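K.L.:
Okay, here's the structure, questions in a sec.
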Amino acid sequence: MFSALVLLLAILAPTGQAGTASQELAQLGLVARLGETRMCAYNAGERPLLLILGELGGALRARAWIAPGAQLDTRFPPGSLEGLALEVVSFGPCGAHTSGTLALEPIARSGFDAFWTESTGRSSQAWGRSGQALTAIGAGDVQFSGLALSAAPTRAPHPTHVPVVTPADRRNGDVPPRLEKKPLPVL
């Protein structure tokens, strides 16, 4: 929780720039720090966020839900961000909207103190902050959200086999067979 507060303070610190009316209406969603081997993400919004990880070519790798006020902290081997992108899907009163695909390797190399997504109406924008400098992070053309939401199971699959204890007519019930007391063979 402490790291989530540090992330929020890094973003909310004054920048010396006057905000516009559209920036005042923006809702803060994902707040994250990304390094070469670790990502810490915090949902600063009031609704759950869906994080989708995929390859820049469009193949899905993983999905994760982050509840409001919850944090996701993950580690990975060095060099594993190459060719990967993150998409943040927010669910608001106007429906779902996406940040677009955010290439992870350039974000990690940029040395941002933090990066975040904010939503306005039906669109999202990603921003990065390094010291007092704010940078808009451009999104790619590929969107994983359509793939991820259509691939989500509608209900939990039924187990194929449920183990059941079968009653026996023996005195002690159903017990495993006795092992014979034979010596082991010499090798």
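Laboratory data are not the source of any read-out in this text; all were calculated from the coordinates shown. Computed from a prediction, not measured in an experiment: that's the story for all the values here. Glycine also receives a Cβ, built like all others from the backbone with ideal geometry; neighbour counts cover every protein chain displayed.
K.L.:
Spin-label point model (7 Å from Cα, Cβ direction): what's the A64 to S80 distance in nm?
P.N.:
According to this spin-label approximation, the distance is 1.0 nm.
K.L.:
Once you order the gyration tensor axes a ≥ b ≥ c over the Cα atoms, which shape class does the stretch 67-122 get: rounded for a/c under 1.5, otherwise prolate or oblate by comparing a/b with b/c? Don't skip to the end; give the middle numbers.
P.N.:
Details: a/c = 2.19, a/b = 1.80, b/c = 1.22.
It comes out prolate by the Cα gyration axes.
K.L.:
Here's something else I'd like to know. Pop out the ³J(HN,Hα) list for the stretch 125-131 in order, Karplus 6.51 cos²θ - 1.76 cosθ + 1.60 with θ = phi - 60°, rounded to Hz; leave Gly and Pro as x.
P.N.:
9, 9, 10, x, 10, 10, x
K.L.:
Please say if the stretch 39-87 is rounded, prolate or oblate, where rounded means a/c under 1.5 for a ≥ b ≥ c the square roots of the C-alpha gyration tensor eigenvalues, and otherwise the choice is prolate for a/b larger than b/c and oblate otherwise? It would help to have the intermediate numbers written out before the result.
P.N.:
Details: a/c = 3.09, a/b = 1.63, b/c = 1.90.
Judged from the Cα gyration tensor, the stretch 39-87 comes out oblate (a/c at least 1.5, b/c at or above a/b).
K.L.:
I've got another one for you. At most 16 other Cβ atoms within 10 Å and a DSSP loop assignment: could you name the trypsin sites (Lys or Arg not before Pro) in the stretch 57-134 that fit?
P.N.:
R122
K.L.:
Using a simple spin-label model with points 7 Å from Cα along the Cα→Cβ vector, what separation in nm is obtained for L134 and C94?
P.N.:
Placing both labels 7 Å beyond Cα along the Cβ direction yields 1.9 nm.
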